[in-house]
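Remarks on the structure that follows.
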Amino acid sequence: MSTDCLVLCITELSKKSYKLVAKTFVLYDTRNGQFYLYGKRNDTYSFSYEPYTFTCSCRSKLADFIKYTLNLNSDSIQVTYLYNYLDLPEFITEVNYDLLNKTQDNSCLIVSNNHECLKKKTIKKMLGFLNSVCNEY
């Protein structure tokens, strides 16, 4: 069985080259009241990065973590996306960064915004969408 789910994606782009620096996906599990964050820094010629996964129940703390892990200042551009992911596995334990990255489908894009300096208040507002506007997941 699969389900559809609202997913927040935040990308960090280099302001000089517009190349992807990092990408983070966040979704909310209504069954346990937890946010799930899946992220990865983009590989470079000299280094390969591993994806990471964390859970958090507090929007404010998760927004702090996102601001800390992504370079949300004036030398990068952040793009936020809200997607309706179709056909995600029924259980959150079966979701990972690679699955979300591979199944990211622009035909399911709800909204996207470019930001010069993404603020914590804006991140918290977007996280609020995930646990307020959701399907059972």
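Quick notes on this structure:
- Normalised per residue, the volume of the convex hull around the Cα set of segment 77-130 (Å³): 105
- Value of relative contact order over segment 2-132, rounded to a whole percent, pairs C-alpha under 8 Å and six or more apart: 31
- Full extension of the chain segment joining Glu90 with Asn32 gains 19.5 nm, where the gain is 0.36 nm per residue of separation less the Cα-Cα distance.
- Label zone at Phe129 (point 7 Å along Cα-to-Cβ), backbone N below 13 Å, segment 44-87: 79-85
- Translational diffusion of the chain, µm² s⁻¹ [Kirkwood Rh, Cα pairs; Stokes-Einstein; 25 °C; 0.890 mPa s]: 162
- Proxy reagent accessibility, fewest Cβ within 10 Å first, across Cys108, Cys56, Cys9: Cys108, Cys56, Cys9
- Model label sites at Cys108 and Glu50, defined 7 Å from Cα along the beta-carbon direction, differ in position by 2.7 nm.
- Extension gain (nm, one decimal) between His115 and Ser14, 0.36 nm per residue minus Cα-Cα: 35.1 nm
- Peptides ranked, highest mean first, by Cβ atoms within 10 Å: ranges 43-54, 90-101, 20-31: 20-31, 90-101, 43-54
- Axis of helix 120-132 versus longest Cα principal axis of the chain: the two differ by about 20°, to the nearest ten degrees.
- Residue-count net charge about Tyr97 - beta-carbon cut-off 12 Å; Lys, Arg +1, Asp, Glu -1: +2
Only the coordinates and a few stated rules stand behind these numbers; no lab work does. Since the model is a prediction, treat every value here as computed from it, not as a measurement. As a convention, Cβ positions derive from the backbone with ideal geometry for all residues, glycine included, and neighbour counts pool all protein chains shown.
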